[in-house]
Amino acid sequence: MDLLKNVFSLGLGAAAATKEQIEKTVDSLVKKGDISKKDSKVLIKQWVEKGEQAQKQLDDSVKAKVNQALNGLNWATKEEVQELERRIVMLEKQNQNLHS
């Protein structure tokens, strides 16, 4: 699970770094006079949105691969464990009733 957290943290860090890089790049274009300040805001918004979409696709792909790997391990799900715990409690009560 630490690996999964690290992957998502890395993704969030990359997204933040990308936004900063986009802003720096667009600011340099404004300083050079290649685009207007007004156009720069639109351009930043478009690039950030594209970056967020790409990040979401990456996140979805990573989640799918992790789920696929976990399913391959054939581990019990949280719901299955909870059901077993419920059954154990029920059986313990039945056992107590038999010995009372």
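Every number in this text was worked out from the coordinates using simple rules, so none of it is lab data. Not measured: the values here are computed from a predicted model.
Report ³J(HN,Hα) in whole Hz for each residue of region 32-47, in order, from the Karplus equation J = 6.51 cos²θ - 1.76 cosθ + 1.60 where θ = phi - 60°; Gly and Pro get x.
Values, residue by residue: 6, x, 6, 9, 7, 4, 4, 5, 5, 5, 5, 4, 4, 4, 5, 5 Hz.
For Ile35, which sequence-distant residues (separation of 5 or more, or a different chain) have an amide H within less than 5 Å of its own amide H, given hydrogens modelled in the peptide plane?
Excluding prolines and chain starts, which carry no amide H, the hits are Val30.
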